[in-house]
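Below is one structure, written out as structure tokens, with a few remarks after it.
The values are calculated or read from the model by the stated rules, or taken from the named source; none is laboratory data. Source: prediction; values computed, not measured. Please note: Cβ atoms are built from the backbone with ideal geometry, for glycine as well, and neighbour counts cover all protein chains shown.
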Amino acid sequence: MKVTSTEIPDVLLIEPKVFGDDRGFFLESFNQKAFYEKTGLSLQFVQDNHSRSQQNVLRGLHYQIQQTQGKLVRVVLGQIFDVVVDLRKSSSTFGQWIGITLSAANKLQLWVPPGFAHGFVVTSDVAEVLYKTTDYYAPEHERCLLWSDPDLAIAWQFEGDPILSAKDQAGQPFTQCEVFP
């Protein structure tokens with residue numbers, strides 16, 4: 001496994017070691033010991049989530065203000081443009097975002113620490129996204145940052161209009177959303 005820091009150093013890009021031949025491939029999607037050795041993070045994942053979405057579906061930008069969740073995100077079918085926004089007021093990267101293409105083909109994973117809003121848009125015909133979380137889903141603590149906030153100016157990668165849930169349409173602007181200390 002290869003681990004690379006992104007422009008926001010706490011957000012990590014993880015490239016698993018892939019063993020491939022004419023039959024297909026094999027990879028370890030998660031190994032707690034190797035993850036700790038490469039990142040220094042001792043984590044306990046408590047929930048796995050799996051979503052399937054069609055092209056131009058935009059999910060996000062979601063976070064939990066309490067029961068904060070770290071997420072280890074990967075794509076097993078198709079491709080997404082994955083976005084995280086730093087909502088930690090004490091961070092030197094507060095209010096900054098990064099976007100990374102994750103796909104079944106590149107097999108990359110993204111570690112999103114607690115304190116970040118997370119979302120993605122599907123850039124292939126369909127995509128299936130799997131992610132592990134470090135705390136349980138708690139709808140009473142869930143918040144949504146407005147995906148199209150002009151102050152953030154996220155360069156989403158899609159053509160046409162995104163397909164959004166009512167919750168995502170009603171996201172809060174960055175200047176009004178709850179943030180972390």
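Structure above, values below:
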{"read-out": "Yes/no for residue 107 being surrounded by 15 or more Cβ atoms within 10 Å (Cβ to Cβ), closer than 23 Å to residue 31 by Cβ, of a type in the set (D, E, K, R) and over 10 Å from the mean Cα position of the chain (by Cα)", "value": "yes"}
{"read-out": "Where residue 132 falls short, out of the listed (1) more than 30 Å from residue 24 (Cα to Cα); (2) part of a strand (DSSP E or B); (3) within 12 Å of the chain's Cα centre (by Cα)", "value": "(1)"}
{"read-out": "Where residue 156 falls short, out of the listed (1) surrounded by 21 or more Cβ atoms within 10 Å (Cβ to Cβ); (2) of a type outside the set (S, T, N, Q); (3) within 14 Å of the chain's Cα centre (by Cα); (4) under 16 Å from residue 56 (Cα atoms)", "value": "(1)"}
{"read-out": "Tally, over segment 82-105, of residues that are without any contact (Cβ under 8 Å) to a residue 24 or more places away in the chain and not hydroxyl-bearing (Ser, Thr, Tyr)", "value": "0"}
{"read-out": "Pair list, Cβ < 7 Å and 6+ apart or interchain, from segment 124-149 residues that are free of Cβ contacts under 8 Å to residues at least 60 places away in the same chain to residues that are part of a loop (DSSP other than H, G, I, E, B) and surrounded by 18 or more Cβ atoms within 10 Å (Cβ to Cβ)", "value": "149/174"}
{"read-out": "Segment 40-84, residues that are under 12 Å from residue 137 (Cβ atoms), surrounded by 20 or more Cβ atoms within 10 Å (Cβ to Cβ) and out of contact with any Asp or Glu (no Cβ under 9 Å at 6 or more places or on another chain)", "value": "71"}
{"read-out": "The one condition in (1) at pLDDT 95 or above; (2) small (Gly, Ala, Ser); (3) farther than 25 Å from residue 178 by Cβ that residue 95 fails to fulfil", "value": "(3)"}
{"read-out": "Selection status of residue 135, within 20 Å of residue 48 (Cβ to Cβ), acidic (Asp, Glu) and either touching a Ser or Thr at 6+ places or on another chain (Cβ under 8 Å) or at pLDDT below 95 (or both)", "value": "yes"}
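Table: residues versus (1) among the aliphatic types (A, V, I, L, M); (2) touching a helix residue (DSSP H, G or I) at 6+ places or on another chain (Cβ under 6 Å); (3) within 15 Å of residue 11 (Cα to Cα); (4) in a loop (DSSP other than H, G, I, E, B).
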{"residue": "98", "(1), (2), (3), (4)": "yes, no, yes, no"}
{"residue": "102", "(1), (2), (3), (4)": "yes, no, yes, no"}
{"residue": "106", "(1), (2), (3), (4)": "no, no, no, yes"}
{"residue": "110", "(1), (2), (3), (4)": "yes, no, yes, no"}
{"residue": "114", "(1), (2), (3), (4)": "no, no, yes, yes"}
{"residue": "119", "(1), (2), (3), (4)": "no, no, yes, no"}
{"residue": "128", "(1), (2), (3), (4)": "no, no, no, no"}
